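Colleague: Below: one structure in structure tokens.
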């Protein structure tokens, strides 16, 4: 097995001084540790990372950096970005199956947003993710998420499991079938950030 010398991250929502959706984060982290480093032992983030006693009552982002083991955990107060427009950026070579700490390629793609607030990455003609989230699209009746995500996010997996969203193949030519796009990740619920699909610049 190839041993990758790299750092990965888990970004976890903390509310009421509690980790949210922690089982999904533990599962993804331990899967990555097994596949990339050969570590078969299980780490429980909630047991390994202490939430600071002086943390306020707001919503916080906990960023856990790890490789074979947890390297560090950082807490920061979270606020939702305002995103109204998105630029479709094409990149067929991108791979982001694991949540690497190195975001240099994602950041370089973000520089191509041409005045828009954020990007949607298109790979092999299919919609994938933004630079920091999965996406779901509303067709007037149902929420759909592309079946070609770069990263299978924990919130995406939770919403699929609960039946709130379904997967579908979505290409750029399919965008006219949808009214709205919402960005989701561990910190964002459906509806927290919504943009009109007419504001997606091809």
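The values are calculated or read from the model by the stated rules, or taken from the named source; none is laboratory data. Since we're looking at a predicted model, the values are computed, not measured. Reconstructed Cβ throughout: ideal geometry from the backbone, glycine too, with neighbour counts over all protein chains shown.
Colleague: I'd like to know if the stretch 158-179 contains one or more residues that are out of contact with any strand residue (DSSP E or B) (no Cβ under 8 Å at 6 or more places or on another chain), under 29 Å from residue 64 (Cα atoms) and buried (at least 16 other Cβ atoms within 10 Å of the Cβ).
Modeller: Taking every residue of the stretch 158-179 in turn, at least one turns out to be out of contact with any strand residue (DSSP E or B) (no Cβ under 8 Å at 6 or more places or on another chain), under 29 Å from residue 64 (Cα atoms) and buried (at least 16 other Cβ atoms within 10 Å of the Cβ).
Colleague: Sort out which residues of the stretch 79-107 are surrounded by 12 or more Cβ atoms within 10 Å (Cβ to Cβ) and farther than 23 Å from residue 64 by Cα, and write them in order of number.
Modeller: Within the stretch 79-107, 83, 84, 85, 86, 87, 88, 89, 90, 91, 94 qualify.
Colleague: Need a quick list: strands (runs of 3 or more DSSP E) entirely within the stretch 128-188 having at least 1 residues that are over 12 Å from the mean Cα position of the chain (by Cα) and under 15 Å from residue 88 (Cβ atoms). Reasoning before the result, please.
Modeller: Numbers: elements: 134-138, 143-146, 165-168, 180-184.
Ranges flagged: 134-138, 143-146, 180-184.
Colleague: Which of the residues belonging to the stretch 184-202 are in contact with a helix residue (DSSP H, G or I) (Cβ under 8 Å, 6 or more places away or on another chain) and either surrounded by 16 or more Cβ atoms within 10 Å (Cβ to Cβ) or under 16 Å from residue 152 (Cα atoms) (or both)? Walk me through it before giving the result.
Modeller: Here is the first cut: in the stretch 184-202, the ones in contact with a helix residue (DSSP H, G or I) (Cβ under 8 Å, 6 or more places away or on another chain) are 184-186, 188-190, 197, 200, 202.
Within the stretch 184-202, 184, 185, 186, 188, 189, 190, 197, 200 qualify.
Colleague: Scan the stretch 71-94 for residues that are free of Cβ contacts under 8 Å to residues at least 60 places away in the same chain and over 30 Å from residue 125 (Cα atoms) and jot them down.
Modeller: 72, 73, 74, 76, 77, 79
Colleague: Would you mind stating whether residue 110 is buried (at least 16 other Cβ atoms within 10 Å of the Cβ), without any contact (Cβ under 8 Å) to a residue 24 or more places away in the chain and on the phi < 0 side of the Ramachandran plot? Walk me through how you get there before you give the answer.
Modeller: Values: buried (at least 16 other Cβ atoms within 10 Å of the Cβ): yes; without any contact (Cβ under 8 Å) to a residue 24 or more places away in the chain: yes; on the phi < 0 side of the Ramachandran plot: yes.
Yes; evaluated as a whole, the condition is true for this residue.
Colleague: Does at least one position in the stretch 20-36 carry a residue that is closer than 17 Å to residue 157 by Cα and not in a helix (DSSP H, G or I)?
Modeller: Applying the first criterion (closer than 17 Å to residue 157 by Cα) to the stretch 20-36 yields 20-32.
Checking the rest, the ones that are also not in a helix (DSSP H, G or I) come to 20-21.
Looking through the stretch 20-36, at least one residue is closer than 17 Å to residue 157 by Cα and not in a helix (DSSP H, G or I).
Colleague: A further question follows. Among the candidates 68, 33, 28, 50, single out the residue that is in contact (Cβ under 8 Å) with a residue 60 or more places away in the chain and on the phi < 0 side of the Ramachandran plot. Before the answer, list the steps.
Modeller: Working: 68 fails: in contact (Cβ under 8 Å) with a residue 60 or more places away in the chain; 33 fails: in contact (Cβ under 8 Å) with a residue 60 or more places away in the chain; 50 fails: in contact (Cβ under 8 Å) with a residue 60 or more places away in the chain.
Exactly one residue qualifies, and that residue is 28.
Colleague: Turning to a different aspect of this structure: Going through the stretch 113-122 one residue at a time, which ones are more than 15 Å from the chain's Cα centre (by Cα) and crowded, with 18+ Cβ neighbours inside 10 Å? Talk me through it step by step, then tell me what you get.
Modeller: Residues of the stretch 113-122 more than 15 Å from the chain's Cα centre (by Cα): 113-117, 122.
Within the stretch 113-122, 113, 116, 122 meet the criteria.
Colleague: Given 125, 56, which one is at pLDDT below 95 and more than 25 Å from residue 164 (Cβ to Cβ)?
Modeller: Working: 125 fails: at pLDDT below 95.
One residue alone meets the criteria, 56.
Colleague: If you scan the stretch 87-116, which residues turn out to be more than 19 Å from residue 172 (Cβ to Cβ) and either part of a helix (DSSP H, G or I) or not assigned by TED's automatic domain parsing to the domain that holds residue 152 (or both)?
Modeller: Passing the criteria: 104, 105, 106, 107, 108.
Colleague: Sticking with this one: Return only the number of the condition from (1) in contact with a helix residue (DSSP H, G or I) (Cβ under 8 Å, 6 or more places away or on another chain); (2) more than 22 Å from residue 184 (Cβ to Cβ); (3) in contact (Cβ under 8 Å) with a residue 24 or more places away in the chain that residue 45 does not satisfy.
Modeller: The one condition residue 45 does not meet is (2).
Colleague: Does the stretch 20-32 hold any residues that are in contact with a strand residue (DSSP E or B) (Cβ under 6 Å, 6 or more places away or on another chain), buried (at least 19 other Cβ atoms within 10 Å of the Cβ) and either under 18 Å from residue 188 (Cβ atoms) or modelled with pLDDT under 95 (or both), and which are they? It would help to see each step written out before you state the result.
Modeller: In the first step, residues of the stretch 20-32 are kept if they are in contact with a strand residue (DSSP E or B) (Cβ under 6 Å, 6 or more places away or on another chain); the result is 20, 25, 29, 32.
The next check asks that each one be buried (at least 19 other Cβ atoms within 10 Å of the Cβ); those that pass are 25, 29, 32.
The one that is in contact with a strand residue (DSSP E or B) (Cβ under 6 Å, 6 or more places away or on another chain), buried (at least 19 other Cβ atoms within 10 Å of the Cβ) and either under 18 Å from residue 188 (Cβ atoms) or modelled with pLDDT under 95 (or both): 25.
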